Amino acid sequence: HTGRDIVEAALVRGRIHSFDAYARRLAIREGGLQHEPGTWLFVNCFPASIRDPECCLRSTLEAVGRTSLRPSDVVFELVDADAMSDYAHLRAVCDYYRREGFGVALDDVAGGPESLSRIADLAPHFIKLHKRLAQSATEPAIADATGQILEVAREHRVAVIAKDVETADEASVLLAAGVSLMQGRHFGRPAPQMRSNTGAALARLMEQLEGHLEAETPRLV
């Protein structure tokens, strides 16, 4: 099963809240074992799944405390932040992470007035560009949108990361535009150093979610 399969199963089941909390703890535990001094551990999370930061993120803080990680070693990457309609809630999640000493990253930043306003107001430590900004980097309209994001990011001292960079041409265009941090298959395929028990834990979780789905899916007769 892919990561998308697991997330979609959690969404359909109405369990994205508990799944996201579990995934954060698992990422911190495994990342703590592999962490190298002077590097950041990026941990994805769905801000919409965090109902009350003070309450919901307590287990995340406890997970960090059980490792050698410091809060400053961890960057929480907020997934689908551009799509969140409840801006006050997004801001509350960002503010909580900052108060606790963690880094904050906004994922899938696509540009546009609202997106630029969020970068300026939230001033995260990092933003990750939406993949279409990398994969269509040579198109004039896309290059203009990327330029606007970079301008706002520089003004507010936000580091910009291009993701899903697939070719040397894309990397060259982005580098010329001023993007120096990139990730994607042009540089190497994902190769996590996962321990065997990590994969087993994810497999068990998927089986549990599938069991709930099978039990609750209406049957046609």
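So that you can scan it fast, the table gives a plain yes or no per residue for (1) open to solvent by less than 60 Å² (accessible area, probe 1.4 Å); (2) at pLDDT 85 or above; (3) of a type in the set (Lys, Arg):
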| residue | (1), (2), (3) |
| --- | --- |
| Ala171 | yes, yes, no |
| Ala177 | yes, yes, no |
| Leu181 | no, yes, no |
| Arg195 | no, no, yes |
| Thr198 | yes, no, no |
| Leu202 | yes, no, no |
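Of the helices (runs of 4 or more DSSP H) lying entirely inside segment 38-131, the ones with 1 or more residues being of a type in the set (Lys, Arg) and crowded, with 20+ Cβ neighbours inside 10 Å are found at 113-122.
In contact (Cβ under 8 Å) with a residue 12 or more places away in the chain and more than 28 Å from Gly14 (Cβ to Cβ), is that true of Thr67? Criteria met by Thr67. Contact map, segment 4-20: first residue outside any helix (DSSP H, G or I), second residue of a type outside the set (S, T, N, Q) and open to solvent by less than 60 Å² (accessible area, probe 1.4 Å), Cβ cut-off under 8 Å, separation 6 or more or different chains; pairs are Arg15/Leu209. Just one residue in the set His35, His1, His17 is buried (at least 17 other Cβ atoms within 10 Å of the Cβ) and more than 13 Å from the chain's Cα centre (by Cα); that residue is His35.
Within segment 34-59, the set of residues being in contact with an Asp or Glu (Cβ under 6 Å, 6 or more places away or on another chain) and among the polar types (S, T, N, Q) comprises Asn44, Ser49.
The values are calculated or read from the model by the stated rules, or taken from the named source; none is laboratory data. These numbers come from a predicted model, not from an experiment. Note: ideal-geometry Cβ built from the backbone for every residue, glycine included; neighbour counts use all protein chains shown. Just the protein is used for accessible areas: all its heavy atoms, side chains included, with ligands, DNA and RNA removed. Shrake-Rupley method; radii C 1.70, N 1.55, O 1.52, S 1.80 Å.
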